[in-house]
Amino acid sequence: MATQFGGGTSRRGPDLITEELVAVLSGTSSFEFKPLFDIVYANLRARKPVSGGEEMMRLRAYEKLQSLVSQGMVKKTITKAGKHYKGLASLASFVPFTAFVPTVLPATI
């Protein structure tokens, strides 16, 4: 018999790192990881949800970026100069959790 641990719901908030990666990579330019991380980290510090230190954030951001690459939303180009990441058209279909704004429909009488 399998034992299930934990509840059916999660208390995690929205994934802010992925949201920032999508926001930065949605532009037309491509980035190496270090400049990309610098922009994402500065944006997260401005929003003040940074916790765990810069190195932990760097690891989490790299993991999230590789996840986007494996899902086919970001193109990874390897050259002699380094690895460059560029958002693809499928990245536009990614809807961050906090971007959802419920609309109020008029009541019918």
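Filtering region 69-94 down to residues that are of a type outside the set (Phe, Trp, Tyr) and closer than 15 Å to Ile39 by Cβ, which residue is most open to solvent (accessible area, probe 1.4 Å)?
Initially, region 69-94 is screened for residues of a type outside the set (Phe, Trp, Tyr), giving 69-84, 86-93.
Subsequent filtering for residues that are closer than 15 Å to Ile39 by Cβ retains 74, 84, 86-87.
On the way: Val74: 5, His84: 52, Lys86: 75, Gly87: 14 Å².
Here the residue is Lys86.
Scan Glu19, Glu63, Glu54 and give me the residue that is assigned to a helix (DSSP H, G or I), of a type outside the set (S, T, N, Q) and modelled with pLDDT of 90 or more.
Numbers: Glu19 fails: modelled with pLDDT of 90 or more; Glu54 fails: modelled with pLDDT of 90 or more.
Among Glu19, Glu63, Glu54, only Glu63 is assigned to a helix (DSSP H, G or I), of a type outside the set (S, T, N, Q) and modelled with pLDDT of 90 or more.
Could you grab the pairs with beta carbons closer than 7 Å, sequence gap of 6+ or different chains, first residue in region 36-49 and under 22 Å from Gly82 (Cβ atoms), second one of a type in the set (Asp, Glu) and open to solvent by 50 Å² or more (accessible area, probe 1.4 Å)?
Between residues of region 36-49 that are under 22 Å from Gly82 (Cβ atoms) and residues that are of a type in the set (Asp, Glu) and open to solvent by 50 Å² or more (accessible area, probe 1.4 Å), the close pairs are Tyr41/Glu54.
Which residues, taken from region 66-83, are of a type outside the set (S, T, N, Q) and assigned to a helix (DSSP H, G or I)?
Just the residues of region 66-83 that are of a type outside the set (S, T, N, Q), to begin with: 68-69, 72-76, 78, 80-83.
Within region 66-83, Leu68, Val69 meet the criteria.
The values are calculated or read from the model by the stated rules, or taken from the named source; none is laboratory data. Note that the coordinates shown come from a computational prediction; the quantities given were computed from them, not determined experimentally. Don't worry about glycine lacking a Cβ; one is built from the backbone with ideal geometry, like all the others, and counts go over all protein chains shown. Just so you know, the surface numbers come from the protein's heavy atoms only, side chains and all, with ligands and any DNA or RNA stripped out. Shrake-Rupley method; radii C 1.70, N 1.55, O 1.52, S 1.80 Å.
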